[in-house]
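The values are calculated or read from the model by the stated rules, or taken from the named source; none is laboratory data. Since the structure is predicted, the reported quantities are computational estimates derived from the model, not experimental observations. Neighbour counts run over all protein chains shown; Cβ positions are idealised from the backbone, glycine included.
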Amino acid sequence: MTSAINWNLEGIIMAENNVKSKEKTIHDGVSPINIPEEENENKVFQILWEYLVPSYGKAQTAQGEIIRIAGRVQHEFLDNGCINWDEDFQKMLDAFLKYLQLGNGFNDKDLKVAEVLVQLLKENGDKGFIDNRLTTVLCSCAMAWIKQNPEVIEPLKAEYNR
């Protein structure tokens, strides 16, 4: 019996050490944020996600939160089939549009396009229609806004819980 307990404790300690070694480096909340030079937009988005979005909770910068929103919406569409789609996702998309207006925000023409995009995502989410092109454009908008706003901006007060 004692050897089984020791083996289990060793396994827990090994697992704990393994988790500690996998902790990710996250943005310090102060330094300018630069978009990596990479042609693959999906890879750039993933790099930004890993750097700006904490393992849990909301991001400490507007740049991190806009990436978090786009990533959460994309995940809900592509990985969950909108099964968990609710009012919180709609509020996240509303916040997304507010972020696009902060700092060096989108011009009127691009903002109108983003508004149409958000409306289509809301409608598709409600109906469970999956279109990866819409979520790809959402992620591209987030990255374009960050490129225009490398200096850290405080995140907005979230009106959503996700």
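Go through the residues of the range 107-124 one by one and say whether even a single one is crowded, with 16+ Cβ neighbours inside 10 Å, over 17 Å from the mean Cα position of the chain (by Cα) and at positive phi. No, the range 107-124 has no match at all. Quick check, is D94 within 16 Å of the chain's Cα centre (by Cα) and assigned to a helix (DSSP H, G or I)? In short, yes. Any idea which residue in the range 46-76 is surrounded by the most Cβ atoms within 10 Å (Cβ to Cβ), counting only those that are part of a loop (DSSP other than H, G, I, E, B) and without any contact (Cβ under 8 Å) to a residue 12 or more places away in the chain? Within the range 46-76, the match that is surrounded by the most Cβ atoms within 10 Å (Cβ to Cβ) is G57.
Residues in the range 23-35 include none that are part of a helix (DSSP H, G or I) and at pLDDT 95 or above.
Can you confirm whether I5 is modelled with pLDDT of 95 or more, out of contact with any Asp or Glu (no Cβ under 7 Å at 6 or more places or on another chain), farther than 18 Å from L156 by Cα and surrounded by fewer than 10 Cβ atoms within 10 Å (Cβ to Cβ)? Judged against the criteria, I5 is not a match.
Which pairs have Cβ atoms under 8 Å, sit 6 or more apart or on different chains, and link a residue in the range 148-162 that is without any contact (Cβ under 8 Å) to a residue 12 or more places away in the chain to one that is assigned to a loop (DSSP other than H, G, I, E, B) and of a type in the set (D, E)? Note: no pairs meet the criteria.
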